[in-house]
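Presented below is the structure to which this report refers.
The values are calculated or read from the model by the stated rules, or taken from the named source; none is laboratory data. Only a predicted model underlies this, so the values are computations on that prediction, with no experimental measurement involved. Positions of Cβ are generated from backbone atoms using ideal geometry, with glycine treated the same way; all protein chains shown enter the neighbour counts.
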């Protein structure tokens, strides 16, 4: 069940911060705005669940530590 809680929290953030915050004028415009939000979410914004790290930085350090 914990996975569902994480998915629901993510869905809520996506809805509040992206879907409800923008008007989408076309499919291409939608893709552009969703990609910008995804990049910010994964590459710029620290997440408390991973020690206030940015997910992209965490992935880079995991790849560097793997054999």
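List, please: which pairs have Cβ atoms under 6 Å, are six or more places apart or on different chains, and start with a residue in segment 1-27 that is under 18 Å from residue 55 (Cα atoms) and end with one that is assigned to a helix (DSSP H, G or I) and at pLDDT below 90?
As it stands, the answer is none, since no pair meets every condition given.
How many residues are more than 18 Å from residue 9 (Cα to Cα), modelled with pLDDT of 85 or more, assigned to a helix (DSSP H, G or I) and touching a helix residue (DSSP H, G or I) at 6+ places or on another chain (Cβ under 6 Å) if we restrict to segment 20-67?
Residues flagged as more than 18 Å from residue 9 (Cα to Cα), modelled with pLDDT of 85 or more, assigned to a helix (DSSP H, G or I) and touching a helix residue (DSSP H, G or I) at 6+ places or on another chain (Cβ under 6 Å) within segment 20-67 amount to 1.
Only one of these conditions is not met by residue 30: (1) closer than 26 Å to residue 60 by Cα; (2) surrounded by 13 or more Cβ atoms within 10 Å (Cβ to Cβ). Which number is it?
Result: residue 30 fails condition (1) only.
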